Amino acid sequence: QLLAASVANKATQAKMDHMKKEISDNDLSTTSTSDLVANLKSDKMVLQDQLENLKKIIQTQISKKRYHKERAKDAYESKLVAAKEVADAQANLTAQIENLRKEKEDAMKDVQDKMKAAFHAKIKAEDELDKLKKEQSISSLTSEQS
């Protein structure tokens, strides 16, 4: 759009330059003042229209740039929010993993403690059994002797 307006502006400028040359080449007495004024007014109107078109084109371009800038800003802010959410989720998962690791360690220690207690209980029960067997064999020996 800017290029088209620029080309139109150059064409008008070339037309005006040509008219100036014609005026300087011609005898001013052959061209009426009213014709010159009419041509200048016509050229002025064309230039004003082109200026208005250029203003509209520039405003449109500025609006588009603002729109795209706002969209880019919104996208950047959305990415920041998403990155924060990801970081929060990672921190949460890390904390959960650490908690599970501690729970596992505690459970393993508890199992080891229970295994030790069971082992000691087994040894104690075997000692008691051996003691009872000895008492029984002593008592059966004494009853046989009597």
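This table checks each residue for (1) surrounded by fewer than 10 Cβ atoms within 10 Å (Cβ to Cβ); (2) of a type in the set (Ser, Thr, Tyr); (3) within 30 Å of residue 13 (Cα to Cα).
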residue: 45; (1), (2), (3): no, no, yes
residue: 52; (1), (2), (3): no, no, yes
residue: 59; (1), (2), (3): no, no, yes
residue: 77; (1), (2), (3): no, no, no
residue: 128; (1), (2), (3): no, no, no
residue: 138; (1), (2), (3): no, no, no
residue: 142; (1), (2), (3): yes, yes, no
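If only residues of the range 1-34 that are at pLDDT below 75 and of a type in the set (D, E, K, R) are counted, the one that is nearest to residue 62 (Cα to Cα) is 20.
The values are calculated or read from the model by the stated rules, or taken from the named source; none is laboratory data. Computed from a predicted structure; not experimentally measured. Cβ coordinates were reconstructed from backbone atoms using ideal geometry, including for glycine residues, and neighbour counts include every protein chain displayed.
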